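Okay, structure first, notes after.
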Amino acid sequence: QVQLVESGGGSVQPGGSLRLSCAASRSIFSIGVMGWHRQGLGKQRELVAAITSGGNANYTDSVKGRFAISRDAAKNTVDLQMNSLKPEDTAVYYCNAYYNMRAYWGQGTQVTVSS
């Protein structure tokens, strides 16, 4: 089983930056894939970025060049650095993990981009 706790959400103006962090209850290097999804109001949940245990990362097209997913071994977290934020990035962001053929989710953290 894996528990996930997100932090780092908040409100920012367009063009600003935020960093999200996801703390896991077991070593992030033992988890096959970890990622960030988001769900805007009235929208379906979508994958934003994911990283494998081997360190391979992928991103949805709308965030390429602006967001970066990374792992912090010392803190045992998977982080999402979000730059050049746009109003359309406004959503609840969820950390997730695929471990032993099961998907685990955090409680979500709100990101609001507005002037």
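The values are calculated or read from the model by the stated rules, or taken from the named source; none is laboratory data. Since this is a predicted model, take the numbers as computed values, not measurements. Positions of Cβ are backbone-derived with ideal geometry, glycine not excepted, and every protein chain shown enters the neighbour counts. For the accessible areas, the whole protein counts, side chains as well, though only heavy atoms, and no ligand, DNA or RNA atoms are used. Shrake-Rupley method; radii C 1.70, N 1.55, O 1.52, S 1.80 Å.
A dipole drawn for the chain from +1 and -1 charges on Cβ atoms has a positive end, and of Y93, V33, V78 the residue lying farthest that way is V33.
The simple spin-label model puts a point 7 Å past each Cα toward its Cβ; for S62 and Q110 those points are separated by 1.9 nm. In whole angstrom, how far apart do the alpha carbon centroids of the stretch 60-115 and the stretch 23-48 sit? One Cα centre to the other: 7 Å.
Sorted largest first by accessible area at a 1.4 angstrom probe radius, with every protein chain in place, the residues R71, R102, R45, R66 fall in the order R102, R45, R71, R66.
Taking F29, F67 and ordering them by how much accessible surface each has at a 1.4 Å probe, largest first, produces F29, F67.
Rounded to a whole number, what % of the accessible area of the chain do carbon and sulfur atoms account for, probe 1.4 Å?
Details: 2830 of 5940 Å².
Taking all protein chains in place, the chain shows 48 percent carbon and sulfur surface.
How would W36, W105 rank on accessible area, largest to smallest, probe 1.4 Å? List each step's numbers first, then the result.
Working: W36 0, W105 105 Å².
Final ranking, largest accessible area leading: W105, W36.
Accessible surface for the chain, divided over its residues, is 52 Å² per residue with a 1.4 Å probe. Its Cα centre serving as origin, the stretch 11-115 has a Cβ charge dipole (Lys and Arg +1, Asp and Glu -1) of approximately 140 debye.
Between Q44 and M101, full extension at 0.36 nm per residue minus the direct alpha carbon distance yields a gain of 18.3 nm. The accessible area of K64, taken with all protein chains in place and a 1.4 Å probe, comes to roughly 120 Å².
Surface calculation, 1.4 Å probe, protein heavy atoms: Y94 sits at approximately 40 Å² accessible.
According to the square roots a ≥ b ≥ c of the eigenvalues of the Cα gyration tensor, what is the shape class of the chain, taking rounded for a/c under 1.5, prolate for a/b larger than b/c otherwise, and oblate for the remainder? Intermediate values should be presented prior to the final figure.
Working: a/c = 1.79, a/b = 1.65, b/c = 1.08.
Since a/c reaches 1.5 and a/b is larger than b/c, the shape of the chain is classed as prolate.
Note on S11: accessible area approximately 100 square angstrom, rounded to 10, probe 1.4 Å, nucleic acids and ligands left out.
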